[in-house]
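Let me begin by presenting the structure, written as structure tokens, before commenting on it.
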């Protein structure tokens, strides 16, 4: 009965929310201590294990455009997103290894343990130039290109978070166009691809939505679950902290 319990819970969630509903989880800092904008490595590992035991299956945000094609039978889609490209999300150690306590190291270890059931999928919304060096392309300038290539080779998605974490509602048309163009050009140079997904700094929309029309998906900072009637310019997310896990997933602190 214990082995069936996660499946029964997942089925109940599906029936109560509708089969097409899916969560987009939002992470920022990975480190210690646990906080409003920071998830500890131990708790992030616990999140992955909880999702796995409750029959979730990871996708990139861009996979939403294809209706999460390839979703295994009996699984629920989940999208893991990471804002701000902080060093705790992806760190190389002095000996060249990936830090096992950074988000990417944890994702890789979890994938290696569950290769058939947990592919390397997540969306990283990156920044290029801010006054916080640890937020600029994962905080190790000499390794920035290597990191972005590695994430792309593993099949993960690199998204736009503007060039310098700019609030789009505070910018005039020229400045808004500039921050997005600089970000896209930087991503094109480093990865060979332009972003199709945008995460809005502080959830702030520009006054003119046509100014972000080059993006096929725009992620908010909150809102809960999405369903099959989702608005691609208003993709809702759930911040992955204990209070939101309890609110949206009925998950108690462990």
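Key figures for this structure:
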read-out	value
Conditions (1) buried (at least 22 other Cβ atoms within 10 Å of the Cβ); (2) within 17 Å of residue 245 (Cα to Cα); number of the one not met by residue 49	(1)
Qualifying residues in the range 180-211 (those that are over 20 Å from residue 234 (Cβ atoms) and touching a strand residue (DSSP E or B) at 6+ places or on another chain (Cβ under 8 Å)) - the one surrounded by the most Cβ atoms within 10 Å (Cβ to Cβ)	183
Selected residue (criterion: surrounded by the fewest Cβ atoms within 10 Å (Cβ to Cβ)) from residues of the range 155-179 that are in contact (Cβ under 8 Å) with a residue 40 or more places away in the chain and not in a helix (DSSP H, G or I)	155
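Yes/no per residue for (1) more than 21 Å from residue 29 (Cα to Cα); (2) in contact with a strand residue (DSSP E or B) (Cβ under 7 Å, 6 or more places away or on another chain):
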residue: 129; (1), (2): no, yes
residue: 139; (1), (2): no, no
residue: 146; (1), (2): no, no
residue: 154; (1), (2): yes, no
residue: 158; (1), (2): no, yes
residue: 165; (1), (2): no, yes
residue: 168; (1), (2): yes, no
residue: 178; (1), (2): yes, no
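All of the numbers you see were taken from the coordinates with simple rules; none came from a lab. Fair warning: this is a prediction, and the values are worked out from it, not measured in the lab. Heads up, the Cβs are rebuilt from the backbone with ideal geometry, glycines too, and the neighbour counts pull from every protein chain shown.
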